[in-house]
Amino acid sequence: MNNPHTNKSLYVCFTVYINMTKKIIAAFSASFLLLSAFAVKAQTPPAALIVGDRMPAFSLTAQDGKKFNSADYAGKDILVIYFYPKDESMVCTKEACAFRDSFNEFAKAGAKVIGINSGTVASHKEFSDHYKLPFILLSDPGNKVYHLFGVKDKMFISGRETFIIDRRGKVAFTYESMMQGKKHADDALTFVKLHGG
């Protein structure tokens with residue numbers, strides 16, 4: 001024989017259980033959506049700098065151990081800043097040597113050449129000494145400046161991109177190519193000769 005009091009108690013317990021489950025699911029869903037939104041925001045890569053953008057301020061260490069502060073040069077010199085994946089790799093070496101071979105022409109046009117990647121100061125020193133590179137190589141641990149400029153990885157490899165910063169401290173030219181290392185130097189020199197001085 002059914003006890004009506006027992007049935008009522010079971011019904012109340014079941015109702016409470018259902019309501020609690022709904023609240024838990026709702027709270028979990030809200031938390032999941034919030035975390036997803038933060039994850040998407042965190043993973044969104046910064047936008048690449050384009051012509052007309054102001055150069056972001058940064059400070060890095062050069063191959064000679066000295067600090068390089070962009071603020072010391074912004075608005076005073078033309079800066080040819082090239083990001084490259086790795087010291088001593090084939091395309092990066094061709095690119096660096098092309099900038100080296102054109103170094104005097106860049107200097108005559110009033111431009112300073114600066115190479116940047118995440119390699120260590122010691123690695124940059126060895127690379128510079130090996131190929132007698134007369135320009136500045138900056139160590140960018142964690143690719144912080146690389147991301148400030150909005151350079152993008154290519155197939156899990158750091159990207160290769162060149163920026164020319166004019167005397168107003170703004171981007172005047174960009175060039176991106178993973179395999180055409182020498183063309184970075186050639187095109188940058190052509191631009192500086194036409195628009196620099």
Being part of a strand (DSSP E or B) and assigned by TED's automatic domain parsing to the domain that holds G75 is the requirement here; does G159 meet it? no
Being touching a residue at least 12 places away in the same chain (Cβ under 8 Å) and more than 20 Å from D53 (Cβ to Cβ) narrows it down to one of L194, L189, so name that one. L189
Kindly evaluate A74 against the criterion of being more than 20 Å from H184 (Cα to Cα), touching a Gly at 6+ places or on another chain (Cβ under 7 Å) and part of a loop (DSSP other than H, G, I, E, B). yes
Pull up the stretch 162-197, narrow it to residues that are of a type in the set (D, E, K, R) and part of a loop (DSSP other than H, G, I, E, B), then point me to the one that is farthest from I81 (Cα to Cα). R168
Of the criteria (1) in a helix (DSSP H, G or I); (2) over 21 Å from M178 (Cα atoms); (3) not charged (D, E, K, R), which one V91 fails: (2)
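I'd like the residue in the stretch 59-71 that is among the small types (G, A, S) and assigned to a strand (DSSP E or B) and, out of all such residues, is surrounded by the most Cβ atoms within 10 Å (Cβ to Cβ).
A62
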Answer with yes or no whether L137 is surrounded by fewer than 17 Cβ atoms within 10 Å (Cβ to Cβ) and touching a residue at least 24 places away in the same chain (Cβ under 8 Å). no
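The values are calculated or read from the model by the stated rules, or taken from the named source; none is laboratory data. Keep in mind that what you see is a predicted model, and the values were worked out from it rather than measured. We place every Cβ from the backbone using ideal geometry, glycine too, and count neighbours over all the protein chains shown.
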